Amino acid sequence: MAGKYNHDPELVNEIAGHYRAILSLIGEDPDREGLVKTPVRAAKALLDVTHGYREDPGILARQAIFEHAGSRMVIVKDIEFYSTCEHHILPFFGKVSVGYIPDGKMIGLSKLARIVDNYARRLQVQERLTAQVCGLLAKELPNKGVIVYCDAEHLCMKMRGIEKQDSSTATLEYCGDFEKDRELREEFLRMIGK
């Protein structure tokens, strides 16, 4: 089965050459049966998990903005994501909940998930991911306020370094009416179960 993304074969081969060298540097034999195809597979996987660099999230948002006269608050919660920590090149993953107060327009619900994926599929830190989603929606979508909550687990905390298996990290970013009104923030957090 082919991957979700089409990759430039020259780019795949160039990255695979680096993976082959890394295998040698850590003491492995890249010609060993189980590793012969690993450099190409790893190159394709790296391009998959960093696909966000090759899409414009602003274009994604602008593709599905529609007239809308109602709603005090719109929330899409528990959007799962997978990302890669820029500090250790290890995965982190979790869920993002997005809320906004429409100002005459609304965005297609699936676009919120696509925007989260776009920013997650880069070398990333959770704090920036949360802020980028909030900032893009505040800029591209006519709104009275945007709020984004992210809860994630980081393998750089679980499988190396401090090795704390039960740890998770929560980040919150907001603007507009959510910044001015604590009760509005609390309503959002209650509605997403936090």
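The values are calculated or read from the model by the stated rules, or taken from the named source; none is laboratory data. This is a predicted model, so every value here is computed, not measured. No Cβ is skipped: glycine too gets one built from the backbone with ideal geometry, and neighbour counts run over all protein chains shown. The area values use the complete protein model at the heavy-atom level, side chains included, leaving out ligands, DNA and RNA. Shrake-Rupley method; radii C 1.70, N 1.55, O 1.52, S 1.80 Å.
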Next on the checklist: Quick check on my filter: what residues within the stretch 18-38 are open to solvent by less than 40 Å² (accessible area, probe 1.4 Å) and either touching a residue at least 40 places away in the same chain (Cβ under 8 Å) or farther than 22 Å from residue 82 by Cβ (or both)?
Outcome noted: 23, 30, 35
Item to check | Whichever residue in the stretch 4-17 is open to solvent by 70 Å² or more (accessible area, probe 1.4 Å) and part of a loop (DSSP other than H, G, I, E, B) and, among such residues, is modelled with the highest pLDDT | outcome: 8
Item to check | Among (1) surrounded by fewer than 13 Cβ atoms within 10 Å (Cβ to Cβ); (2) polar (S, T, N, Q); (3) touching a residue at least 60 places away in the same chain (Cβ under 8 Å), the one test that residue 50 misses | outcome: (1)
Next on the checklist: Would you confirm, using the coordinates I've provided, whether residue 72 is more than 22 Å from residue 192 (Cβ to Cβ), more than 19 Å from the chain's Cα centre (by Cα), basic (Lys, Arg) and open to solvent by 60 Å² or more (accessible area, probe 1.4 Å)?
Outcome noted: no
Checklist entry - How about the stretch 77-194: which helices (runs of 4 or more DSSP H) wholly inside it have at least 2 residues that are surrounded by 15 or more Cβ atoms within 10 Å (Cβ to Cβ) and over 13 Å from the mean Cα position of the chain (by Cα)? => result 126-140, 155-158, 177-180, 182-191
